[in-house]
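Working notes, beginning with the structure itself.
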Amino acid sequence: MRHDPLDYLSRDLDSLKEQGLYRHLRILDGEQREAATFDHRTVVNLSSNNYLGLTTHPTLRERALEATRTLGVGSGSVRSIAGTMSIHMELERRLAQFKKTESVVVFQSGFAANAGTVAAVLSKEDVVVSDELNHASIIDGCRLSRAAIKVFPHKDVDAARKILKEIPTTTRKLLITDGVFSMDGDLGAVPELCALAEEFGCIMMVDDAHASGVFGANGRGTIDHFGVHGRVDIQVGTLSKAIGALGGYVAGSKTLIEFLYHRARPFLFSTSHPPAVAAACIAAIDVLEQEPAIIDRLWENTRFFKAGLESRGFNTGQSASPITPVIVGEGSLAMKLSDRLFEEGVFAQGIAFPTVARDKARVRTIVTATHTRDELQFALDVFAKVGHELGIV
Ligand SMILES: Cc1ncc(COP(=O)(O)O)c(C=O)c1O
């Protein structure tokens, strides 16, 4: 009988089970909403990135259906061969106007945008200077580029400066941070890093995946929030979170975008979005421009929920966004908390090593614009009950 060459994988899985870190995928029946049915249980959903409730917005749904009726279900090719439809170009034009940059290129996901862009603009003679908590897609892009990777402690601008001082002035450097950090919900040191980039002649890049639709005027992101338009060379955004559909994009100069059209591997070697996705994203930009009150609702809910967790004694870290972690320490305790919350009717995902540091395991909560006060109040009551039960508060 043939020996299974993959049997070491089951040993890894067994080890996860022993540590209490093995996860079953929760299955969503029906729509991704603020209250939703996962694993046959209707719960208050604090686990999606659907910040503005756009996954089920009637305008987006209608435009996606209309695009499917008139343009079909697929693009049938990569962008650089036959898969650039006029609706893809329209989306890029609208995003560039929205982000106030010369140009935009859309990718299949935010992951592809980050990884594809960093890998395309750098090569092995170059250096990346990167915040330690930057997203996995940035880290993968750095690895793919084969540039030297220098990591500075989270938001430690002085440490970044020390690293930059050591790098020869003639070496090409990319300074990179998330706009909002996805596990802690805190903001990157964007203005300070822009100043460093200017001082040391670096390319400045910000991943605004969790900021687009959330921060800045009409949800233009942290670049708008901090007033640093024109000082960030490469802005990445996602269409998969607040925008409610799927995709990622890079906003920047016309030259940068033309270069990525020719060199970014996900753009060249992976099929473009179905027209329905592009149509839904265009509709989402219309909503952001025409109904900014939904962003105000997101922030009202965020303030209410964060204050409620803090007043009940939970450690919510440094969050300044709708992402509020409840940090408990041990990975197995975070998973236990998440499981008990779910049994009581609240879905907040447990997150442990290697996604976060070993002693900083947590459940992560994200409120949306569409949660009602009653739903959030219910969730806070459940947090208090389960938190006491497990000795967390
Ligand atoms: C900070 C950050 N950047 C990029 C991404 C990737 O975005 P997408 O889900 O569109 O691939 C994520 C998503 O998890 C993220 O949190």
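The values are calculated or read from the model by the stated rules, or taken from the named source; none is laboratory data. None of the values given here were measured: they were computed from a predicted structure. Using ideal geometry, Cβ is built from the backbone for each residue, glycine included, and neighbour counts are taken over all protein chains shown. Side chains included, ligands, DNA and RNA excluded: accessible areas come from the protein's heavy atoms. Shrake-Rupley method; radii C 1.70, N 1.55, O 1.52, S 1.80 Å.
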| task | Please work out which one of (1) at positive phi; (2) open to solvent by 30 Å² or more (accessible area, probe 1.4 Å); (3) assigned to a loop (DSSP other than H, G, I, E, B) is the condition residue 213 fails and give its number. | result | (2)
| task | Scan the stretch 96-112 and give yes if some residue there is of a type in the set (A, V, I, L, M, F, W, C), under 30 Å from residue 231 (Cα atoms) and away from the ligand (no atom under 16 Å from the Cβ), otherwise no. | result | yes
| Only one of (1) buried (at least 17 other Cβ atoms within 10 Å of the Cβ); (2) more than 16 Å from the ligand (Cβ to nearest atom) is not met by residue 206, so which one is it? | (2)
| task | Only residues that are in contact with an Asp or Glu (Cβ under 9 Å, 6 or more places away or on another chain), β-branched (Val, Ile, Thr) and open to solvent by less than 40 Å² (accessible area, probe 1.4 Å): list them for the stretch 235-260, please. | result | 236, 238, 257
| message | Condition first: of a type outside the set (D, E, K, R) and within 16 Å of the ligand (Cβ to nearest atom). Can you find one or more residues in the stretch 192-202 that meet it? | response | yes
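Given the criteria within 24 Å of residue 382 (Cβ to Cβ), out of contact with any Gly (no Cβ under 9 Å at 6 or more places or on another chain) and basic (Lys, Arg), does residue 26 qualify? Lay out the reasoning, then the answer.
Details: within 24 Å of residue 382 (Cβ to Cβ): yes; out of contact with any Gly (no Cβ under 9 Å at 6 or more places or on another chain): yes; basic (Lys, Arg): yes.
So residue 26 passes the test.
Can you name every residue in the stretch 66-89 that is surrounded by 14 or more Cβ atoms within 10 Å (Cβ to Cβ) and touching a strand residue (DSSP E or B) at 6+ places or on another chain (Cβ under 8 Å)? Walk me through how you get there before you give the answer.
The first filter runs over the stretch 66-89 and keeps only residues surrounded by 14 or more Cβ atoms within 10 Å (Cβ to Cβ), leaving 66-68, 71, 74-75, 78-80, 83-85, 87-88.
Correct list: 74, 75, 78, 83, 88.
Only one of 125, 62, 92 is away from the ligand (no atom under 12 Å from the Cβ) and open to solvent by less than 50 Å² (accessible area, probe 1.4 Å); which? Show your work before the answer.
On the way: 125 fails: open to solvent by less than 50 Å² (accessible area, probe 1.4 Å); 62 fails: open to solvent by less than 50 Å² (accessible area, probe 1.4 Å).
When all the criteria are applied, what remains is 92.
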| Can you tell me which residues in the stretch 243-297 are among the aromatic types (Phe, Trp, Tyr), more than 20 Å from residue 223 (Cα to Cα) and either out of contact with any strand residue (DSSP E or B) (no Cβ under 8 Å at 6 or more places or on another chain) or within 16 Å of the ligand (Cβ to nearest atom) (or both)? | 259, 267
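Of all residues in the stretch 233-265, how many are within 18 Å of the chain's Cα centre (by Cα) and either among the aliphatic types (A, V, I, L, M) or over 16 Å from residue 292 (Cα atoms) (or both)?
Filtering the stretch 233-265 down to residues within 18 Å of the chain's Cα centre (by Cα) leaves 234-251.
Those left that are additionally either among the aliphatic types (A, V, I, L, M) or over 16 Å from residue 292 (Cα atoms) (or both): 234-243, 245-251.
Residues that pass the stated criteria total 17.
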| remark: Restricting the stretch 1-54 to residues that are in contact (Cβ under 8 Å) with a residue 12 or more places away in the chain, of a type in the set (Lys, Arg) and part of a loop (DSSP other than H, G, I, E, B), the one surrounded by the fewest Cβ atoms within 10 Å (Cβ to Cβ) turns out to be 23
| Say we look at the stretch 131-181 and pick out the residues that are of a type in the set (Ser, Thr, Tyr) and buried (at least 17 other Cβ atoms within 10 Å of the Cβ); which of these is farthest from residue 117 (Cα to Cα)? | 177
| said: Which condition from (1) away from the ligand (no atom under 16 Å from the Cβ); (2) outside any helix (DSSP H, G or I); (3) within 22 Å of residue 168 (Cβ to Cβ) is the one that residue 158 breaks? | reply: (2)
